[in-house]
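> Take a look at the following structure, please.
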């Protein structure tokens, strides 16, 4: 059993290594016929189709650099207006990323989660969409509940809780920093598990019989501080999404309180709205 500590938990544990720093390389671009100039199909639409196929067939990889506008114009035989129109549409579709004054890059796939209606975990959501999740455990220990954690989990201040601090990746790119708090009394052996290679929700369900059936979440936009930006591989001040969530068992007892920081350029959340006549008010989360 690991010792209980009264240290105030931090969302960002110290990390000895820098996050993955992908080296930019060019997409494999060969001078084939990309646009049929005799076709009635607009040139920009043909160019969009070509680029989209290269990306969806995995011939072009996330992070690789597209040819410059000048190179595309010369190779494809179209005007710069056509190229810019195509790139703008590809960016709107989330297939490429364009920054002012720089060449476009193949976009990394975004993590897409359900803000309210989906109680699945990061691992389950990513696998269901054909993405490859991985995890680096930054801290796994027993701590004393702070007032915020106690309020979220309906525990007295100072009660023992398990803190799980992780940096999570999609397709080897850092995606989200998340710290999770769970009452130690519900799963005391969790602190000794290998959570770098297991789904937390799967382990809680299969080994401890604990399943989240209801949850409350809040989300807001924030700028990343230096440490969070370093670990997520982006610049300080980059936009991010701060997600707080409380997960409840069928009995209504809180099982989990987590705080997650998602890269703003690689995450989006959807909300399903329904009218069911239920007038229950949403549960407030700790500020």
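The values are calculated or read from the model by the stated rules, or taken from the named source; none is laboratory data. The structure displayed is predicted, hence computed values, not measured ones. Ideal geometry is used to build each Cβ from the backbone, glycine not excepted, and the neighbour counts take in all protein chains shown.
> As an exercise: evaluate residue 189 against (1) farther than 17 Å from residue 143 by Cβ; (2) surrounded by fewer than 16 Cβ atoms within 10 Å (Cβ to Cβ); (3) without any contact (Cβ under 8 Å) to a residue 24 or more places away in the chain and give the number of the one condition it does not meet.
(1)
> Would you be able to say whether some residue in segment 263-271 is without any contact (Cβ under 8 Å) to a residue 12 or more places away in the chain and not in a loop (DSSP other than H, G, I, E, B)?
Scanning segment 263-271, I find no residue that is without any contact (Cβ under 8 Å) to a residue 12 or more places away in the chain and not in a loop (DSSP other than H, G, I, E, B), so the answer is no.
> Residues in segment 65-96 that are buried (at least 19 other Cβ atoms within 10 Å of the Cβ) and in contact with a strand residue (DSSP E or B) (Cβ under 8 Å, 6 or more places away or on another chain): how many?
Result for segment 65-96: 5.
> Going by the structure shown, is residue 251 under 20 Å from residue 150 (Cα atoms), modelled with pLDDT of 85 or more and not in a strand (DSSP E or B)?
Answer is yes for this residue.
> For segment 212-228, what are the residues that are outside any strand (DSSP E or B), surrounded by fewer than 19 Cβ atoms within 10 Å (Cβ to Cβ) and free of Cβ contacts under 8 Å to residues at least 40 places away in the same chain?
Correct list: 225, 226.
> State yes or no: is residue 133 on the phi < 0 side of the Ramachandran plot, in contact (Cβ under 8 Å) with a residue 60 or more places away in the chain, in contact with a helix residue (DSSP H, G or I) (Cβ under 7 Å, 6 or more places away or on another chain) and buried (at least 17 other Cβ atoms within 10 Å of the Cβ)?
When the stated conditions are applied, residue 133 does not pass them.
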